[in-house]
Amino acid sequence: MVSESFNEGTLKNKGEGLIEIKKVRKTFTQNEGPDIVVLDDVDLLFEPGEFVSLIGPSGCGKSTLLRLIAGLNQVDSGTIVLDGEEISRPGYERGLVFQDPTLFPWMSIYENIAYGLRSRGVYREEKHNIPEFFRLVGLEGFEKSHPHHLSGGMAQRAALARALVNKPKVLLLDEPLGALDAFTRMNMQDEILNIWHRQRMTTIMVTHDVDEAIYMANKIVVMSARPAKIEKIINVEIGRPRRRDDPDFLLLRSRILQILHFAGTGAELEYQL
C-alpha cells in the first residue's frame, strides 16, 4: 500500500533544480603514466524534485560526477547546466554532504549550521530560519553542543542541516551514510527521505549499497567501470513507503546486480557494489 504522504505523484516542486549533463568528459593527470579517463561522454538529465541514486563499481567516477555538479572540479569537455546556467564553480544553490560530516569542531552545532548564512552575508536577515532546520533534522536542544558531543548519526544530521539552511535547489549526497552502523543507517535513510519530501529539491546520492538506492530513489543511474559511461537508467516504480522484503524490491535488486555482472558471485556482494 502506498502511503499518501509519499505518493510521488502528489509532489509539487518549485520547478527548479533541472540538471542537464551533456557529453561530459573528465580526466585526471598523473605525475607518472598516462592520464586517467574517469568519465567519458556522459549524458544525463535530472528533473526538478527527483531523488536519484548513482551506483556502480568502486572508482568508476560516481563521486567525480557529483563533484563536477557541485562545481568543485571542472569538466574537460561537455557541459553541466543547472536551470539554464552552466556550472563552473561552487554555489549556494547546490548543497553538498560528504560521508564524513566535516563539521567545524571548534564551533557549536548552531554556529556550524549558521556558517553558510554568515559566509553569504545574510545571517542577520535569515537567522530566524535556523530553528526550523534544527526541527527538520531532529536536533532541537543541541544548539550549544559541539560536534564531539554528538553520535555519528546526529553529526550527519547537523551536516544535512548546514547544507539545507541555504535552501538549495539541489542536494548532493556523497555516500552520506557509509560510515554509520546498519540500524542508524536505516533510520537516517528515512530521515533523508522525509527531508526530501518536505523540501522537494532535486537530490542526487552516490551509494555503493543497492538496497539503499532502491529504497530511497525514484531513479537509479547505473554506471559502468572506468572510464564511466551510463550503463542503465532505471525508474523505480515501487510505491512508498518501501519494504526491503517486497517481491518487486527483490526483483529490482536482482536486475541491478545482473546489470553490474555481480549476480551469483556470493553473499558478500549481495548488498555492496
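The table below gives the values:
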item: Sole residue being free of Cβ contacts under 8 Å to residues at least 40 places away in the same chain and under 24 Å from ILE87 (Cβ atoms), chosen from VAL122, VAL170, VAL165; result: VAL122
item: All positions within the stretch 163-186 that are within 14 Å of the chain's Cα centre (by Cα) and over 15 Å from SER53 (Cβ atoms); result: ALA163, LEU164, PRO168, LYS169
item: Residues that are of a type outside the set (Gly, Ala, Ser) and assigned to a helix (DSSP H, G or I), drawn from the stretch 163-175; result: LEU164
item: Yes/no for LEU160 being within 16 Å of the chain's Cα centre (by Cα) and among the hydrophobic types (A, V, I, L, M, F, W, C); result: yes
item: Test: residue in the stretch 239-254 that is surrounded by fewer than 23 Cβ atoms within 10 Å (Cβ to Cβ) and under 17 Å from the mean Cα position of the chain (by Cα); result: no
item: Failed condition for VAL122, given (1) under 20 Å from GLU191 (Cα atoms); (2) modelled with pLDDT under 95; result: (1)
item: Check on GLY49, surrounded by 15 or more Cβ atoms within 10 Å (Cβ to Cβ), on the phi > 0 side of the Ramachandran plot, part of a loop (DSSP other than H, G, I, E, B) and touching a residue at least 40 places away in the same chain (Cβ under 8 Å); result: yes
item: Tally of residues being loosely packed, with under 10 Cβ neighbours inside 10 Å, at pLDDT 50 or above and either outside any loop (DSSP other than H, G, I, E, B) or touching a strand residue (DSSP E or B) at 6+ places or on another chain (Cβ under 7 Å) (or both) across the stretch 1-37; result: 1
item: Residues of the stretch 176-223 that turn out to be closer than 18 Å to ALA161 by Cα, hydroxyl-bearing (Ser, Thr, Tyr) and not in a helix (DSSP H, G or I), as a count; result: 2
item: Matching residues in the stretch 52-62 - criterion: being hydroxyl-bearing (Ser, Thr, Tyr) and either crowded, with 20+ Cβ neighbours inside 10 Å or closer than 18 Å to GLU237 by Cα (or both); result: SER53
item: Within the stretch 62-85, tally of residues that are of a type in the set (S, T, N, Q) and more than 15 Å from the chain's Cα centre (by Cα); result: 4
item: Test: residue in the stretch 144-161 that is touching a Pro at 6+ places or on another chain (Cβ under 9 Å), crowded, with 20+ Cβ neighbours inside 10 Å and not in a helix (DSSP H, G or I); result: no
item: Residue match in the stretch 144-152 (condition: on the phi > 0 side of the Ramachandran plot and within 18 Å of the chain's Cα centre (by Cα)); result: no
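The values are calculated or read from the model by the stated rules, or taken from the named source; none is laboratory data. Because the structure is predicted, anything quoted here is derived from the model rather than measured. With ideal geometry, Cβ positions are generated from the backbone for all residues, glycine too; neighbour counts draw on all protein chains shown.
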